[in-house]
Structures are given as C-alpha cells and as structure tokens.
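Following this message is one structure expressed as structure tokens.
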Amino acid sequence: TVMDEGVVLDQTAFYTGGGGQPTDSGILISSGQEYQVSGIKRVDGQMVHLIEGVLPSQGSTVTGLIDWDRRYLLMRTHTAAHILCGVVWRDYGAQVTGGNMTPGEARMDFEFENLTAELAAEIEAKINAEVAAERDIVVSNLTREEAEQVPDLVRTKINLLPPNIQEIRTIDIQGLDMQADGGTHVANTREVGAVKMIGHESKGRINKRLRIALEE
C-alpha cells in the first residue's frame, strides 16, 4: 500500500521498533530502482516504511535489504543492555525502570538508592565477565499462563501487558537474565564484545541512570 510518507508491505524483515530499540533502515528494490528507507512509523495501525521522494507503485513487488551493520550493532547493544539488567538484579537487587538505545550505546534506569563511581566501575567489570562467559541466548514464545509461572518474568511486570496478549516472546541469557522482549539480539554474549560504562547519574532519590557503550 502506498501512503504519503512511504509504503506498507505485506511482509517485512525490517525491525519495526519497540522496547527502546530503534527501527531498522535500509533499501527497497523494485524494477531495478532503489528506494532508501530511513525508518518505520506506525500510521493507523500499519507499519509505513518511510521513503523520501518518489515511491514504488501500488501493488509492485519489492525486495528489502536492511542496513545490516547498523542492525547487528543494535543487536549487540540490546543484548548488552539485558546483560546490564541481569547483573544489576542478580548482584544488587535493583529493578530496571526504563531504558533506551542508539546503535552502540544504551542507557538504563534502575531503582538504586546509592550509586557511586566505584559501583559503576564494578558493574562494568561484571558485564564484561558475562560477555566472556559466552552465555547462549535463547528466544522462546510462551503462553501467558506459562510466562506467569516464571519468577524473572513476573519481576519484569508482565502482568502489566494488555490481557489480549496471550503469547509472550522471551529472551533468555542462559544462567543470567530472562525478560519479555520483542527486540533483536545476538545468539551468544561473546558477540557483544567489550562494554564500557560511560556515565551514571541520579534521576531521583531511588532512580539512577547508567550509560554503557560498546567499544568497537
């Protein structure tokens, strides 16, 4: 379907956004013509692949190519953010309250009362130990009933999901962290590479922000 800002496809490999992870970008190819896709926007419940200028014609067949370097960097970044959450919960009992990411960097907010530079450095070292541990990452789809029996998923407030969502996609960094999540991830923590703590700040009495970046 052709819209004002782009096109809606009957199927797509582009990540359409959510969970703090940006949408994919890339190109669509049709009849030898390339169309640059800058991102994806939800319009009236449909995912519009945003294209500037001339659009493919209605009903045409297109081939989509995502910007793989950017996507893979986001996959590594998203997994790094989950490692951070897993470490902070396991070792300090602090819940994650929010987060966001760009390719290569992520920020996560936690229910921390006290957060020092020394503690941030300690968390950085623990993240990198988990990367080196080469933990497999398993993606599963659970029924809501199954998910509500998993303590880690209850902790991440799956009960707040709308009642009509009966299948829950989970990301399990085996032995460390399991979360309900719709984003894209690598298959093993070793793919993340070295992680650096680039900042920490207070966002309130019991709300502290940690910023991480991938080193390459």
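The values are calculated or read from the model by the stated rules, or taken from the named source; none is laboratory data. Predicted model only: the values in this text are computed from it and were never measured. In this analysis, Cβ positions are derived from the backbone assuming ideal geometry, glycine residues included, and neighbour counts consider all displayed protein chains.
Suppose the filter is surrounded by 15 or more Cβ atoms within 10 Å (Cβ to Cβ) and either of a type in the set (F, W, Y) or in a loop (DSSP other than H, G, I, E, B) (or both); does L28 pass it? Walk me through how you get there before you give the answer.
Numbers: surrounded by 15 or more Cβ atoms within 10 Å (Cβ to Cβ): yes; either of a type in the set (F, W, Y) or in a loop (DSSP other than H, G, I, E, B) (or both): no.
For L28, the condition - surrounded by 15 or more Cβ atoms within 10 Å (Cβ to Cβ) and either of a type in the set (F, W, Y) or in a loop (DSSP other than H, G, I, E, B) (or both) - is not met.
Still on this structure, I have one more. Report yes if T63 is β-branched (V, I, T), surrounded by fewer than 18 Cβ atoms within 10 Å (Cβ to Cβ) and within 28 Å of G39 (Cβ to Cβ), otherwise no.
Numbers: β-branched (V, I, T): yes; surrounded by fewer than 18 Cβ atoms within 10 Å (Cβ to Cβ): yes; within 28 Å of G39 (Cβ to Cβ): yes.
For T63, the condition - β-branched (V, I, T), surrounded by fewer than 18 Cβ atoms within 10 Å (Cβ to Cβ) and within 28 Å of G39 (Cβ to Cβ) - is met.
Quick one: how many residues across the stretch 1-25 are among the hydroxyl-bearing types (S, T, Y) and either in a strand (DSSP E or B) or in the same structural domain as T79 (by TED's automatic domain parsing) (or both)?
So the answer is 0.
What helices (runs of 4 or more DSSP H), lying completely within the stretch 76-178, carry at least 3 residues that are surrounded by 15 or more Cβ atoms within 10 Å (Cβ to Cβ) and of a type in the set (D, E, K, R)? Give the derivation first.
Values: elements: 117-132, 144-147, 151-155.
Once the helices (runs of 4 or more DSSP H) in the stretch 76-178 are filtered for at least 3 residues that are surrounded by 15 or more Cβ atoms within 10 Å (Cβ to Cβ) and of a type in the set (D, E, K, R), what remains is 117-132.
Need the failing condition index for L161 against (1) of a type in the set (A, V, I, L, M, F, W, C); (2) more than 21 Å from P22 (Cα to Cα); (3) more than 17 Å from the chain's Cα centre (by Cα), just the number.
All conditions pass for L161, except number (2).
Looking only at the stretch 6-25, how many residues end up being in contact (Cβ under 8 Å) with a residue 12 or more places away in the chain and surrounded by fewer than 14 Cβ atoms within 10 Å (Cβ to Cβ)? Don't jump to the end; show me each part of the working.
Step one: of the stretch 6-25, the residues in contact (Cβ under 8 Å) with a residue 12 or more places away in the chain are 6-9, 12-25.
Okay, now just the ones that are also surrounded by fewer than 14 Cβ atoms within 10 Å (Cβ to Cβ), so 13, 18.
So the count comes out to 2.
For the stretch 119-129, state whether one or more residues are within 19 Å of D172 (Cα to Cα) and of a type in the set (A, V, I, L, M). If you could, list the steps in order and put the result at the bottom.
First pass over the stretch 119-129, keeping only residues within 19 Å of D172 (Cα to Cα): 126-129.
Keeping just the survivors that are of a type in the set (A, V, I, L, M) gives 127, 129.
Within the stretch 119-129 (the criterion being within 19 Å of D172 (Cα to Cα) and of a type in the set (A, V, I, L, M)), the answer is yes, since at least one residue qualifies.
Output the residues belonging to the stretch 179-213 that are outside any strand (DSSP E or B) and among the charged types (D, E, K, R).
At the first step, the residues of the stretch 179-213 found to be outside any strand (DSSP E or B) are 181-187, 189-194, 203-207.
Residues satisfying the conditions are D181, R190, E191, K203, R205.
Just give me the residues in the stretch 87-104 being touching a helix residue (DSSP H, G or I) at 6+ places or on another chain (Cβ under 7 Å) and under 21 Å from G193 (Cα atoms), in sequence order.
V87, V88, G99, M101, P103, G104
Moving on to the next point. Among the residues of the stretch 50-74, write down those that are part of a loop (DSSP other than H, G, I, E, B) and either modelled with pLDDT under 95 or within 13 Å of L9 (Cβ to Cβ) (or both).
Taking the stretch 50-74 as the starting set, the residues that turn out to be part of a loop (DSSP other than H, G, I, E, B) are 52-62, 67.
The answer is E52, G53, V54, L55, P56, S57, Q58, G59, S60, T61, V62.
Would you check if S25 is of a type in the set (G, A, S) and within 17 Å of the chain's Cα centre (by Cα)? I'd like the intermediate steps shown before the answer.
Working: of a type in the set (G, A, S): yes; within 17 Å of the chain's Cα centre (by Cα): yes.
Taking the combined requirement at face value, the residue satisfies it.
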